[in-house]
Structure formats: C-alpha cells, structure tokens
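Student: Structure provided below as structure tokens; questions to follow.
Here, each number is a calculation from the coordinates, and none is a lab measurement. Computed from a predicted model, the values in this text were never measured in an experiment. Cβ placement follows ideal geometry from the backbone for every residue including glycine, while neighbour counts extend to all protein chains displayed.
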Amino acid sequence: MTIGEVAKRSGTATSALRFYEEQGLIHSERNDAGHRRYSRAVLRRVAFIVFAQRIGLSLDEIRAELAQLPRNRAPDRADWGKLTARWRERIAERIAELERLQATLTECIGCGCLSLDRCQLANPGDRAGRRGPGPRYWIRDRR
Ligand code: FES
C-alpha cells in the first residue's frame, strides 16, 4: 500500500505515519522509485498505536509493546493476544480513571482550585494539597 492509501484507510495523516516510521513503530519497503510501500498488516499496527496513545501510553511504551511482535511476518492472533494480556490491567486502570472522572465532574476533586461551593467542606484551605500535587481526590486519595 502507498502511504496515501494507508492514511486514507487508517484515518491517520501521512505526516503521522512518517513520524511513526521515524520512531520505528511501523516499517515500509522502498520500491524502485524510492517510494514507501506498506503491507496491509501495517493498518492494524497503526490502529494499535492510535488506541495506545488514546489510553495514555507513551511512544516508548508503545515501541516496547510493538517490539514483541514478529518483524518478518504479519502478526497473527496469538501474537496480538500476548500484547492484549499485558494490556488488560492498563485498560482497566484507564476505565476506572474515566469512571472516577465521570462520577466526580460536579464534585470537589481536591485540585486546589477551591472554586466550588463543595470545596469549602471537602477541601477546606486546600488540605488535600498537603498530600502532594494534582487532583488528590480524583487520583484515589480519600477525603
Ligand atoms: S474542585 Fe478544586 S479544590 Fe475542590
């Protein structure tokens, strides 16, 4: 596939595909004219990269995950299954984070803003800030 075909099918900009390739996340062959050519299997890799970024993995983490896949053939179901097993915990953590965010959208999250009327009771004088940076109640500290 050409880079344009991969971009169109994956919904990913050609600039992003070039970046992924520079980062060693995807690979192409060059044809006689020097143009990139990708196997169809790259589409699944790109989908994986985009999803991994959405759940907060860094490029280094994504690279480490993709390095587990065979390079000399298209990964099969078993190959992807090994990655998926390692991801379950990460995905569950992300789901729990999003559920906490959803549940606390209108509550005091202990971020130090003291901008809601509820902050007066839940986080008087930014007491939560003594426990460290960030939205303390959202990142699992109890009130
Ligand atoms: S919401 Fe920020 S301290 Fe309460």
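Student: Over the Cα atoms, compute the radius of gyration (one decimal) and Dmax (the largest Cα-Cα distance, rounded to a whole number) for segment 3-87, in Å.
Tutor: 12.7, 41
Student: Viscosity 0.692 mPa s, temperature 37 °C: what is the translational diffusion coefficient of segment 11-50 from Stokes-Einstein with a Kirkwood Rh over Cα pairs, rounded to a whole number of µm²/s?
Tutor: Rounded to a whole number, D works out at 313 µm²/s.
Student: Separate question: How high is the FRET efficiency from residue 116 to residue 63, r the C-beta distance, R0 30 Å, rounded to 0.05?
Tutor: The pair residue 116/residue 63 has a calculated efficiency of 0.15.
Student: For a paramagnetic label modelled at 7 Å from the Cα of residue 15 toward its Cβ, which residues of segment 28-42 fall within the zone defined by backbone nitrogen distances under 16 Å?
Tutor: Output list for this probe position: empty.
Student: What does a probe at residue 50 reach in segment 1-31, counting residues whose amide N is under 12 Å from the point 7 Å along Cα→Cβ?
Tutor: Within reach of a label on residue 50, which here means backbone N under 12 Å from a point 7 Å along Cα→Cβ, segment 1-31 contributes 6-14, 16-17.
Student: Further, regarding this structure: For Cα pairs less than 8 Å apart in space and 6+ apart in sequence, what is the mean separation divided by the residue count of segment 3-87, i.e. the relative contact order in percent?
Tutor: Result for segment 3-87 is 21 percent.
Student: Please state the relative contact order of the chain as a whole percent: Cα pairs under 8 Å, 6+ residues apart?
Tutor: Over the chain, the number comes to 14 percent.
Student: Additional query: Given a Förster distance of 25 Å, report the FRET efficiency between residue 29 and residue 89 from their Cβ-Cβ distance, rounded to the nearest 0.05.
Tutor: That pair, residue 29 with residue 89, gives E of 0.10.
Student: Sticking with this structure for a sec: Quick check: residue separation of residue 37 and residue 102 times 0.36 nm, minus the Cα distance between them. What number comes out in nm?
Tutor: Contour length minus Cα-Cα distance gives 19.1 nm.
Student: Can you give the calculated 222 nm mean residue ellipticity of the chain, where each DSSP H run of n ≥ 4 adds -39,500 (n - 2.57) and the sum is split over every residue, rounded to the nearest 500 deg cm²/dmol?
Tutor: That comes out to -15000 deg cm²/dmol.
Student: Taking just the alpha-carbon atoms of the chain, what radius of gyration and Dmax come out, in angstrom?
Tutor: 21.3, 70
Student: Taking the convex hull of the alpha carbon atoms in segment 74-127, what volume per residue do you get, in Å³?
Tutor: Working: hull volume 5.7 nm³, N = 54.
Each residue corresponds to 105 Å³ of Cα convex hull volume.
Student: Using θ = phi - 60° and the Karplus curve 6.51 cos²θ - 1.76 cosθ + 1.60, what whole-Hz ³J(HN,Hα) does each residue of segment 97-107 get, with Gly and Pro shown as x?
Tutor: Along segment 97-107, the couplings run 4, 5, 5, 5, 4, 4, 6, 10, 4, 9, 9 Hz.
Student: Largest first, please: the extent of the C-alpha atoms of segment 104-143 along each principal axis, to the nearest Å.
Tutor: So the three principal-axis extents are 22, 20, 14 Å.
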